[in-house]
1. May I ask you to list pairs of residues, at least six apart or on different chains, whose Cβ atoms are under 7 Å apart, with the first in segment 1-17 being over 17 Å from residue 29 (Cβ atoms) and open to solvent by less than 70 Å² (accessible area, probe 1.4 Å) and the second being outside any strand (DSSP E or B) and among the acidic types (Asp, Glu)?
2. Being in contact with an Asp or Glu (Cβ under 8 Å, 6 or more places away or on another chain), open to solvent by 10 Å² or more (accessible area, probe 1.4 Å), without any contact (Cβ under 8 Å) to a residue 40 or more places away in the chain and of a type in the set (A, V, I, L, M, F, W, C): is that true of residue 159 here?
3. Among the residues of segment 90-102, which ones are of a type in the set (Gly, Ala, Ser) and not in a loop (DSSP other than H, G, I, E, B)?
4. Taking the stated definitions as given, is residue 435 in contact with a strand residue (DSSP E or B) (Cβ under 7 Å, 6 or more places away or on another chain) and either assigned to a loop (DSSP other than H, G, I, E, B) or modelled with pLDDT of 95 or more (or both)?
5. So, in segment 272-286, of the ones that are among the aliphatic types (A, V, I, L, M) and assigned to a strand (DSSP E or B), which residue ends up farthest from residue 308 (Cα to Cα)?
6. Would you be able to say whether some residue in segment 103-118 is more than 25 Å from residue 185 (Cα to Cα) and either assigned to a strand (DSSP E or B) or not basic (Lys, Arg) (or both)?
7. Considering segment 148-198 alone, what residues qualify as being outside any strand (DSSP E or B) and of a type in the set (Ser, Thr, Tyr)?
8. Among residues belonging to segment 31-49 that are of a type in the set (Lys, Arg) and part of a strand (DSSP E or B), point out the one that is surrounded by the most Cβ atoms within 10 Å (Cβ to Cβ).
Amino acid sequence: QFWAAGVHSDEAGGAADIEGDVVVGITGEVVVNDAHAGRDGGGIRAARVDVQPGGRMSFSGTRSGAGGGALSCGPIVLHRNASVQIENSYAAMAGGGMKVDSLDTFADARLEIVNATSKGSGGGIMVANAVQIRPNATIVVRDTVSGSAGGSIHVGALLLSENGTLQVSNGSAPASFGGCIFAGTVESNATLLAVSDCDAGSAGGGLYVRQSLSVNGVLRTTRTRGAVSGSSVFVSGGNTYVTALEIDTVIGYGAAVAVTAEHTLHLEKVELMRAEGAMFDLAANPDGAVVVESLNVLVNNNFLESAASRVSGGSHSISMFCDCGEAWEGGCLAAAEETDEGTEIRCTSCPLPRSNNRTTSRLINSMMTYGECACPFGTRDLDPSRPSIGASCELCPTGEYGPRFNASTCDRCPLGRYSSAEGIASPDDCRMCEAGRASAVLGAKSADDCELCPLGTSAG
């Protein structure tokens, strides 16, 4: 058992500076309150920390003049049923709660860090190498702020096993990357990896990954903000594979998901709701591939003027479903267009005067449903292969009418009728010649085309 309160040191380890290992035995307990250190480890600095089954460590009100607001050590291991709790801690450098070389948590172990701040990376946790969350282990980090990358967690590699739990919320990196998590690589086999209420002053509002992202489960971000790109998720290299990505409420005018892959970028299922900016900016090397099997987008008022999403480099296949509701007068269109910089994809409306009178639209394998946006009655379509171009709808000329949607030609006014107006939609809109006059040709354009009936005849 170890208890310390109200202790200060100008050196490392406000309560204890231990050159060797700290072993918290079975049912052992370490409690440190109101401890300050001028250097690493506001509460404890050690070479290694091993919390045995049932052991407990608790830190509150600790401050460090360097790294590790509560705890600074090499590797730390939490065995079965072990727990570490840190609250109200501060570090003048990295690791507002703890700064460690590696972190390993076993079944039913729990680490919780609440209300931690660092001026450097990792508002809650700074881990140089790997964090391993094994089955039934739990890590909770919330209400943290960092002055550099990783508002809650800064880690070399994040490894989340099946049935492991990581809950990160209210993380902020207002001047850098990764509002909640900044990681070199992420590999998650858990049912759910969730971050919420995250804010980054640069890219990666919820999650920033430098190299590779692999999620064999659900990655969920809620209420995230990025000032640049990747307001939800940003991946800058390696390969990316995600079984399911659920995004709810993205603030920022950059892309919600921004990924650059060396070879493979594969998203099986994506759900996107309430986004301000573009949906995604996805890129792969020229010999790589970008695949999004299913992207469901719920359009909201903030999304109406958002920039187009972009796919560039390598081959790509995007399947997208847009649910536009009543957002646009021209209906709903899942649109794709090739540009010099890649393929631009967006949920938008049919360009007026085109319309499809639909509230939903689908893009399959990056291919639009041609003809989905129809030119209206009274017009003809000069370029039916490009439904995203409104200017190709031309009014039917005088003497003709357009009785069909998406017609490539107009019909001529019948005999005995004429039209001096453009854009009429029905033969009934063609005016009848005056009594005693008739037009002898189809498509009469004015009353002058109506000739007097010969003697002994009448117009009928």
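1. What qualifies is 12/40.
2. Details: in contact with an Asp or Glu (Cβ under 8 Å, 6 or more places away or on another chain): yes; open to solvent by 10 Å² or more (accessible area, probe 1.4 Å): yes; without any contact (Cβ under 8 Å) to a residue 40 or more places away in the chain: yes; of a type in the set (A, V, I, L, M, F, W, C): yes.
Considered against the rule, which asks whether it is in contact with an Asp or Glu (Cβ under 8 Å, 6 or more places away or on another chain), open to solvent by 10 Å² or more (accessible area, probe 1.4 Å), without any contact (Cβ under 8 Å) to a residue 40 or more places away in the chain and of a type in the set (A, V, I, L, M, F, W, C), residue 159 comes out as yes.
3. Within segment 90-102, 91, 102 qualify.
4. Against the criterion (in contact with a strand residue (DSSP E or B) (Cβ under 7 Å, 6 or more places away or on another chain) and either assigned to a loop (DSSP other than H, G, I, E, B) or modelled with pLDDT of 95 or more (or both)), residue 435 does not qualify.
5. 284
6. Looking only at segment 103-118, we keep the residues that are more than 25 Å from residue 185 (Cα to Cα), and these are 115.
Then keep just the ones that are either assigned to a strand (DSSP E or B) or not basic (Lys, Arg) (or both); that gives 115.
So far as segment 103-118 goes, yes, one or more of its residues are more than 25 Å from residue 185 (Cα to Cα) and either assigned to a strand (DSSP E or B) or not basic (Lys, Arg) (or both).
7. As a first pass, look at segment 148-198 and keep what is outside any strand (DSSP E or B): 148-152, 161-164, 174-180, 189-191.
Hits for segment 148-198 are 148, 152, 161, 176, 191.
8. If we take residues in segment 31-49 being of a type in the set (Lys, Arg) and part of a strand (DSSP E or B), then 45 is surrounded by the most Cβ atoms within 10 Å (Cβ to Cβ).
The values are calculated or read from the model by the stated rules, or taken from the named source; none is laboratory data. These numbers were taken from a predicted model, which means no experiment stands behind them. Glycine gets a Cβ as well: all are built from the backbone with ideal geometry, and neighbour counts include every protein chain shown. Only protein heavy atoms, including side chains, enter the accessible area calculation; ligands, DNA and RNA are left aside. Shrake-Rupley method; radii C 1.70, N 1.55, O 1.52, S 1.80 Å.
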